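Have a look at the structure below, then the notes.
The values are calculated or read from the model by the stated rules, or taken from the named source; none is laboratory data. In this text the structure is predicted, and so the values were computed from the model without any measurement. Neighbour counts run over all protein chains shown; Cβ positions are idealised from the backbone, glycine included.
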Amino acid sequence: MKISGFTIIRNAVINDYPAVEAITSILPVVDEMVVAIGKSDDDTEGLIRGIGSDKIRIVHTEWDLSKLPGGHVMAIETDKAFKAISPDSDWAFYIQCDEVVHEKYHQAILDACRQHLENRKVLGLVFNYVHFYGTYDYYGDSRRWYNKEIRIIRNDSRISSFRDAQGFRIDGKRLPSKLIHASMYHYGWVKDPALMDKKLRNLSTNWMGKSMKERLEKTEGIFNYDEYDSLEIFNGTHPQVMQKRISEKNWEVNIDVTKKRFTFKKWFMYLLEKTTGIRPFTFRNYDLI
């Protein structure tokens, strides 16, 4: 069994993405790691080469920034990276550069890949998600955050990235998939408030659209983390590869997790999921089989 990892990245230094941590977190379970680096305004390539792993293979791309609206360029670049993996790989492990896998899930990931290797009906493996917000101490627990997504796909040329590269499709249809016992930790909303503001202002010009621009207009260089519907305190452990970054955190965000901001309907849906584990009427990028 052969597993190829693949990811895309651009301006990792400027935007302070945990790209090194993301890539490093899956190196133990992949046989190669394809990193598609878009033409950057910083030394993103040097950052990635500094990982020093012979599993990493860099391919160079140039993003068509005219396709940023809606995140379409993300899907285009993801497809480029996917096409660059070795043709003899069985599985392709996609990770975005603000996502990290905890080492405690490595064996479960490998076991799932082996378990479903011969079942050709299984085209994707679905991970649970934990979305951190503000600091490493809080995570989103409402329906605003997607709770599952495909991150391992069959090495099949018919599969392509979908919309903003969150999911995948085959011939325009959702992938038949299996849920595995592993979680992806998403750190895209954990950043110094000044850096978060800068990052989102850069993105909002071409990507984030009207709603984010209106939100940023309320601030003056410092992102306001107080606009949330529901958060909880994280009591688990973070991946080992994140420990250095966490120890260097130099900002504070104090959040009152007892404060919930729901309409009556959303309160009902929130409590239903909390008590039963059922999340009805949610969008899925996959079909569980």
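Some notes on this structure:
- Some residue of the stretch 18-35 being farther than 21 Å from ARG154 by Cβ, in a loop (DSSP other than H, G, I, E, B) and at pLDDT 95 or above: yes
- The single condition from (1) at pLDDT 95 or above; (2) charged (D, E, K, R); (3) within 21 Å of LEU200 (Cα to Cα); (4) surrounded by fewer than 17 Cβ atoms within 10 Å (Cβ to Cβ) that LYS67 fails is (1).
- Look at the stretch 185-200: where a residue is in contact (Cβ under 8 Å) with a residue 12 or more places away in the chain and crowded, with 22+ Cβ neighbours inside 10 Å and a partner is in a helix (DSSP H, G or I) and of a type in the set (A, V, I, L, M, F, W, C), sitting 6+ places away or on another chain with Cβ atoms under 9 Å, you get TYR185/MET242; TYR187/ALA22; TYR187/MET242; VAL190/MET196.
- Residue check for TYR105: part of a strand (DSSP E or B) and either in contact with a Ser or Thr (Cβ under 9 Å, 6 or more places away or on another chain) or within 15 Å of ASP164 (Cα to Cα) (or both): no
- Considering residues of the stretch 158-182 that are touching a helix residue (DSSP H, G or I) at 6+ places or on another chain (Cβ under 8 Å) and modelled with pLDDT of 90 or more only, the residue farthest from VAL73 (Cα to Cα): HIS181
- Verdict on ALA81 being crowded, with 18+ Cβ neighbours inside 10 Å and within 12 Å of VAL34 (Cβ to Cβ): yes
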